[in-house]
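This report refers to the structure that appears directly beneath it.
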């Protein structure tokens, strides 16, 4: 089973056009402060250089601000911040001088490429309208895709593709539009609505222009607030139907996960329990639905076609799930300890896990089952308590996975607007240095 897109990344825009974009738009020049991260030449790299990526949600403050070039054109002062001095990122406290900060796609993509990233997972396509290329047009004003809105949106896709090519970057995925309707007996009306179909086709063509092999969502296959088996079975039907459409473009549509998606599936009879799930303390007799021990996401994988449906694992949230969901009630109402193993989960079916969010965490010291158990830190931060080296060595299929650095709390706001970019440099260097 192959997962490579049948659409070449060179189909819609040649490398020459990308080079022209770089020459015309880069405000930084060859001697910019954005020095590339240097990876060790030692063998055994656990994240191949060609698959070292980031999701732009981690740098979401950058596209939305006016960049260096746009500030100069408008005659306004650019946003100033710290990007690191000569000993950064080896010394994260070396903030360096106060400098103008990149803004918009051109400057962000140049910065990420020079930091050592190769792959980009988008978290939406919009940017500040003042930056080169403008902002993303609405593909479906009022919910309706028109010939004019489609044309404008796809023209923007070609512009964005040029920015990627200019810096030798590959678009690997996007968290974006997923239709609410689909073809299936459990879809409203039993079919996809015309508006959803036209919007999906437009998004898939946009993705094909960018060269995306994957297009998906930052959400679970369905709401994990409902752990009953029935809605999770329906979710498998939906995502198979969506992938049947998307694969006509050579694109797999993927789902994501947060910790609730690795909670226990409620798939048994109603039972009476007399012990607190977390502490084991006595409780009044309570009726709950029994759990076989299967996790929600495992049920989704079991019922979907492996040739259609692939998954993005968020490594951080999988470890939060390990911390949170350690006990279940079996089909007789007994409290059973059953601890989740994220690495074993991937190792059982490595081809189903095409993408990772390489998100790191510092253990909070909370008791098992209390809170999240971790707080987010840059990848490879000294405070890290997620053993990424062990994780990558255990899951098998070395070099197969597309690993995208993510850190939800990376932006520093107005007090430290350069923080998300510094954290990106730290993370790229540490991902590149991971050996095993």
Taking square-rooted eigenvalues a ≥ b ≥ c of the alpha carbon gyration tensor, is region 95-171 rounded, prolate or oblate, where a/c under 1.5 means rounded and, failing that, a/b exceeding b/c means prolate? prolate
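If I stretch the segment between residue 305 and residue 337 completely, what's the gain in nm (0.36 nm per residue apart, minus their alpha carbon distance), one decimal? Show your work: numbers first, answer last.
Values: separation 32, 0.36 × 32 = 11.52 nm, distance 3.06 nm.
Length gained, residue 305 through residue 337: 8.5 nm.
What translational diffusion coefficient, in µm²/s and rounded to a whole number, does the Stokes-Einstein relation yield for region 140-269 at 37 °C and a viscosity of 0.692 mPa s, taking the hydrodynamic radius as the Kirkwood radius over Cα pairs? Before the final figure, lay out each step's value.
Values: Rh = 16.1 Å.
Approximately 204 µm²/s, per Stokes-Einstein.
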Of every Cα-Cα pair in region 218-299, the percentage lying beyond 19 Å is 49
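In deg cm²/dmol, rounded to 500, what helix-only [θ] at 222 nm does the chain give when every DSSP H run of at least 4 residues adds -39500 (n - 2.57) and the total is split over its residues?
-9500 deg cm²/dmol
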Which value, in Å³ per residue, describes the convex hull spanned by the Cα atoms of region 138-212? 87
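Hey, any idea what the orientation-averaged projected area of the convex hull of region 312-436's Cα atoms comes to, in nm²? Mind showing how you got there, number by number?
Numbers: hull surface 36.4 nm².
Answer in nm², one decimal: 9.1.
Taking the beta-carbon count within 10 Å as an exposure proxy, list 381, 305 from fewest neighbours to most. Each step should come with its number before you reach the end.
Numbers: 381 18, 305 12.
Ascending number of Cβ neighbours within 10 Å: 305, 381.
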State the Cα centre-to-centre distance between region 312-330 and region 261-277 in whole Å. 15
How big is the gap, in Å, between the Cα center of region 83-107 and the Cα center of region 138-195? 34
Round to the nearest 10 and give me the degree value, 0 to 90, for the angle of helix 15-25's Cα axis relative to the longest principal axis of the chain. 70
In degrees from 0 to 90, rounded to the nearest 10, what is the angle of the helix 104-115 Cα long axis to the longest principal axis of the chain? 80
Please arrange 121, 337 by counting, for each residue, the other beta carbons lying within 10 Å of its beta carbon, fewest first. 337, 121
Kindly express, to the nearest 10 degrees and within the range 0 to 90, the angle between helix 419-433's C-alpha long axis and the longest C-alpha principal axis of the chain. 70
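Got a sec? How would 125, 197 order by Cβ neighbour count within 10 Å, fewest to most? Don't skip to the answer; put the middle values down first.
Details: 125 21, 197 17.
Result, fewest neighbours first: 197, 125.
Read the figures in this text as sums done on the coordinates, not as results from a lab. Values in this document were obtained by computation on a predicted structure and should not be read as measured data. Cβ atoms come from the backbone with ideal geometry, glycine included; neighbour counts cover every protein chain shown.
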